[in-house]
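Worksheet for the structure shown next.
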Amino acid sequence: MSKTALPDRCRLVLIAPVEGEIGDCTAKVESALSGGDVASLIIPVGSRDEASLQKLGEALLPLAQEKGVAVMIENDTRIAGRIKADGVHLETDAADLAEQIEHLDGRLMVGAGGIKTRDEALDLGEAQPDYVFFGRFGYDNKPEAHSRNLKLAEWWSEMISLPCIVLGGTDIASALAVAETGADFVALSAAIFDGANGTPAEAVAAVNALLEQSAPRFTE
């Protein structure tokens, strides 16, 4: 998390590139982290094997920690523990999620993803993860955020105090649409790393400028 005063609005979560060589991914993430406020970085598995995922995590962790950014590893508590990441992002059922949270006993943050319906969200939320995530890594392939995820976020934000993260689209403007649902965080990957919105640093700066100017405040 930021070492300075945190914005009282929706904040940015980075999803590291789903594919790509470690060196290229590291350079892109380093650029993005230099662009402004980032709440956390989630490192997805993608097509990486265990060794590659751990090497990527080891490369990215110090860059993020230097900026005060929390690092989450997708679906691998062992790697998260080995590299001393801040947490793990799990896509699993409610029973397994509850078991994992109990086993970790506060040693790692736990996020819950893979949610498609209200019932799934409520079931996973009962386990009290640190956040719920609406969207699927690698599926931010349209300019706008998926309408289902926006509807889930709006419903969740009105009913539940547990933080939610919503995957945006390839257009930076999708971050504002997410913020307008009341979501705590917008997750972006393609919009930051595919080059259409400038360098990753420029894209992060643009997202933060948009949210700072137009996103609703949580104190309102």
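Annotations
- Count of region 165-186 residues which are free of Cβ contacts under 8 Å to residues at least 60 places away in the same chain and over 17 Å from Tyr139 (Cβ atoms): 6
- Test: residue in region 144-159 that is part of a loop (DSSP other than H, G, I, E, B), over 17 Å from the mean Cα position of the chain (by Cα) and surrounded by fewer than 22 Cβ atoms within 10 Å (Cβ to Cβ): no
- Among the residues making up region 204-215, those that are in contact with a helix residue (DSSP H, G or I) (Cβ under 7 Å, 6 or more places away or on another chain) and open to solvent by less than 50 Å² (accessible area, probe 1.4 Å) are Val204, Val207, Leu210, Leu211, Ala215.
- Complete set of residues in region 187-220 that are polar (S, T, N, Q) and without any contact (Cβ under 8 Å) to a residue 40 or more places away in the chain: Asn197, Gln213, Ser214
- Cβ pairs under 8 Å, 6+ apart, first in region 134-152 and in contact (Cβ under 8 Å) with a residue 12 or more places away in the chain, second of a type in the set (Phe, Trp, Tyr) and open to solvent by 30 Å² or more (accessible area, probe 1.4 Å): His146/Tyr139
Condition check ((1) of a type in the set (Asp, Glu); (2) under 16 Å from the mean Cα position of the chain (by Cα)) across all residues:
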site: Leu162; (1), (2): no, yes
site: Ala173; (1), (2): no, no
site: Leu176; (1), (2): no, yes
site: Asp184; (1), (2): yes, yes
site: Ala191; (1), (2): no, yes
site: Ala206; (1), (2): no, no
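- A search for C-beta distances below 6 Å between a residue of region 107-128 that is within 21 Å of Ala85 (Cα to Cα) and any residue that is assigned to a loop (DSSP other than H, G, I, E, B) and open to solvent by less than 10 Å² (accessible area, probe 1.4 Å), counting only pairs 6+ apart in sequence or on different chains, returns Val110/Pro129; Gly111/Pro129; Ala112/Pro129.
- With respect to (1) modelled with pLDDT of 95 or more; (2) surrounded by 16 or more Cβ atoms within 10 Å (Cβ to Cβ); (3) within 24 Å of Ile192 (Cβ to Cβ), the lone exception for Gly114 is condition (1).
- Set Asp171, Asp119: member being outside any loop (DSSP other than H, G, I, E, B) and open to solvent by 30 Å² or more (accessible area, probe 1.4 Å): Asp119
The values are calculated or read from the model by the stated rules, or taken from the named source; none is laboratory data. Computed from a prediction, not measured in an experiment: that's the story for all the values here. Glycine also receives a Cβ, built like all others from the backbone with ideal geometry; neighbour counts cover every protein chain displayed. We work out accessible area using only protein heavy atoms, side chains counted, and drop any ligands, DNA or RNA first. Shrake-Rupley method; radii C 1.70, N 1.55, O 1.52, S 1.80 Å.
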